[in-house]
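First the structure, in the form of structure tokens, and then the observations on it.
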Amino acid sequence: MNELERLSARIDELETRLTFQDEIIETLNRTITEQWLKIDRLTREISELRERLREAEDKAPGAVNEVPPHY
């Protein structure tokens, strides 16, 4: 194999690797974006649940940490 053929083979291999890496990067990008959307949604849900719990505790009769009268 002469020098030109070796260089051509190396370029082909590098182009193949680059294409593969581009696909991997795009897949990782989509995955990270999906995870951030889920994290954002779950964070909002937790905030809503905390607020609902506070409201329920406020409406509950007696103090939450109050010792029952039979103690």
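The values are calculated or read from the model by the stated rules, or taken from the named source; none is laboratory data. Remember, it's a predicted structure, so these values are computed and weren't measured experimentally. Every residue, glycine as well, gets a Cβ built from its backbone with ideal geometry; the counts of neighbours run over all protein chains shown.
For ALA60, indicate whether it is small (Gly, Ala, Ser) and surrounded by fewer than 10 Cβ atoms within 10 Å (Cβ to Cβ). Show your work before the answer.
Numbers: small (Gly, Ala, Ser): yes; surrounded by fewer than 10 Cβ atoms within 10 Å (Cβ to Cβ): yes.
Spelling it out, ALA60 is indeed small (Gly, Ala, Ser) and surrounded by fewer than 10 Cβ atoms within 10 Å (Cβ to Cβ).
Could you give me the residue pairs with C-beta distances under 8 Å whose first residue belongs to the range 54-70 and is modelled with pLDDT of 70 or more, whose second residue is in a loop (DSSP other than H, G, I, E, B) wherever it lies, and which are 6+ apart or on separate chains?
GLU57/VAL64
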